[in-house]
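The values are calculated or read from the model by the stated rules, or taken from the named source; none is laboratory data. Model, not experiment: these values are computed from the prediction. Don't worry about glycine lacking a Cβ; one is built from the backbone with ideal geometry, like all the others, and counts go over all protein chains shown.
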Amino acid sequence: MYTEKPIQTKVLQISDITRGAARIDLAARVLREGGLVAFPTETVYGIGANAMDPDAVARIFQAKGRPQDNPLIVHIAELEQLDPLVREAPEPARALARVYWPGPLTMVLPRSGIVPDIVSAGLDTVAVRMPSLPLARELIRRSGVPVAAPSANRSGRPSPTTAGHCIADLDGRVEVILDGGPCPVGVESTVISLAGEGPRLLRPGAVTLAQLEQVLGKVWVDPAVLHHPEDDAKVSSPGMKYKHYAPKAQIVLVSGPVDEFAAFMDAHGSEGTYALVFDEDLDKVPPPCLSYGPERDSEAQARALFAVLRRLDDLGATKVYARTPAKSDVGMAVYNRLVRAAAFTEIVL
Ligand code: TXA
Ligand code: MG
């Protein structure tokens, strides 16, 4: 039904889920019938399809230009939707769900037979998340199916945190874009694997390592979270082996005090070179200079980061020197995204 080209993408504004009910219903019907819907979650916008329909899921990979070996997260609206998707949900998973679902936490669990291979890219696990943004949950609930949804960017672009970002990447490639405003978290969900021997953090997000450890005890941090994965090393989360969140410019992380950073920029400034700094630095560092939030507010940095990476693209930046963020708590997620955007290039002043 949705194979005709080109697709006329409908952009539907939703100010609240009660007044937007008819529009959400329309999007839910598109999902049920095998179409693609971009929708906001509390983390980033996702591009959703019925997870039980392999043809619909195949269209996600096509629309994003995503490698087929990178599995998708299945989104649910109610806890009862979890059990059919997994062979088992061990007690640690139930404990995490009680505290952090709905919310920005994805759990990797042993996959049941009903999850199509294409969703899990052939792995014997499935990643599941229950988002907390009311619009996302209402869409999933009304669709009546679990919704497979990666971030709604073209592969290799920064994740979208506004409907405008989705339009820039996916206009003509999806049936519907639901515009629910900017995403309140701004970086993708925390991903934890509970399918191996012990809990393992695969991707840091707004649910922090300390918060996970409060519920689970010791959590192993996959080395690829903070370091360059060796080319031949086994990667636990296929998404981590790709250069991610990359703007067109070459990004280099620079750590050190702001006055030394300013001197560094004096020496390295040239046509197309930008500094990416904290709000407090804007009058200390020579222009052109953009900021991604206050130095001591990792949550604000998370909200701002992807939009500023896109802005650098729009400005035609070719080289970006970025001040290194704090790595603790939500800062671990901000650092993880930036160091990947920088292909792990970092200078210490
Ligand atoms: O916040 C989010 O998680 C957003 C919103 C839309 O929910 N989604 C998102 O999806 O970021 P995506 O596809 O861009 O990132 C999913 C990550 C990838 O790194 C992927 O490799 C990993 O989760 N993943 C998915 N299934 C997995 C599995 N079975 N085992 C290990 N890693 C998995
Ligand atoms: Mg993504």
Output the residues belonging to segment 43-57 that are over 22 Å from Ser189 (Cα atoms) and in contact with a strand residue (DSSP E or B) (Cβ under 8 Å, 6 or more places away or on another chain). Ala56
Restricting the search to segment 181-192, which residues are small (Gly, Ala, Ser) and surrounded by fewer than 23 Cβ atoms within 10 Å (Cβ to Cβ)? Gly181
The residue from Ile14, Ile24, Ile47 that alone is in the same structural domain as Val174 (by TED's automatic domain parsing), of a type in the set (Val, Ile, Thr) and either more than 18 Å from Met130 (Cα to Cα) or surrounded by fewer than 17 Cβ atoms within 10 Å (Cβ to Cβ) (or both) is Ile14
Using the structure shown, decide if Val174 is farther than 30 Å from Arg94 by Cα, buried (at least 23 other Cβ atoms within 10 Å of the Cβ) and of a type outside the set (D, E, K, R). yes
In segment 140-179, what residues are away from ligand 1 (no atom under 12 Å from the Cβ) and either at pLDDT below 95 or under 13 Å from Ala27 (Cα atoms) (or both)? Arg141, Arg142, Ser143, Gly144, Val145, Val174, Glu175, Val176, Ile177, Leu178, Asp179
Which members of segment 99-115 meet the condition of being not β-branched (Val, Ile, Thr) and not in a strand (DSSP E or B)? Tyr100, Trp101, Pro102, Gly103, Pro104, Ser112, Gly113
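Listed here are the residues, each with its yes/no results for (1) under 16 Å from the mean Cα position of the chain (by Cα); (2) in the same structural domain as Val191 (by TED's automatic domain parsing); (3) within 16 Å of ligand 2 (Cβ to nearest atom).
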{"residue": "Tyr100", "(1), (2), (3)": "no, yes, no"}
{"residue": "Pro104", "(1), (2), (3)": "yes, yes, yes"}
{"residue": "Ile114", "(1), (2), (3)": "no, yes, no"}
{"residue": "Val126", "(1), (2), (3)": "no, yes, no"}
{"residue": "Met130", "(1), (2), (3)": "yes, yes, no"}
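For every residue, the table says whether it meets (1) in the same structural domain as Val191 (by TED's automatic domain parsing); (2) within 23 Å of Cys183 (Cα to Cα); (3) in contact (Cβ under 8 Å) with a residue 24 or more places away in the chain; (4) more than 22 Å from the chain's Cα centre (by Cα).
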| site | (1), (2), (3), (4) |
| --- | --- |
| Gly293 | no, yes, no, no |
| Ala317 | no, no, yes, yes |
| Tyr321 | no, no, yes, yes |
| Met332 | no, yes, yes, no |
With segment 263-349 as the region, which strands (runs of 3 or more DSSP E) entirely inside it contain at least 2 residues that are β-branched (Val, Ile, Thr) and touching a Lys or Arg at 6+ places or on another chain (Cβ under 8 Å)? 273-277
Selection within segment 257-314 - within 18 Å of Asp329 (Cα to Cα) and among the basic types (Lys, Arg): Arg296, Arg303
What pairs can you find where one residue is in segment 97-125 and in contact (Cβ under 8 Å) with a residue 60 or more places away in the chain and charged (D, E, K, R), the other is within 16 Å of ligand 2 (Cβ to nearest atom) and assigned to a helix (DSSP H, G or I), and their Cβ atoms are less than 7 Å apart, with a gap of 6+ or different chains? none
Please enumerate the residues belonging to segment 60-70 that are within 18 Å of Leu31 (Cβ to Cβ) and either surrounded by 21 or more Cβ atoms within 10 Å (Cβ to Cβ) or touching a helix residue (DSSP H, G or I) at 6+ places or on another chain (Cβ under 6 Å) (or both). Ile60, Ala63, Lys64
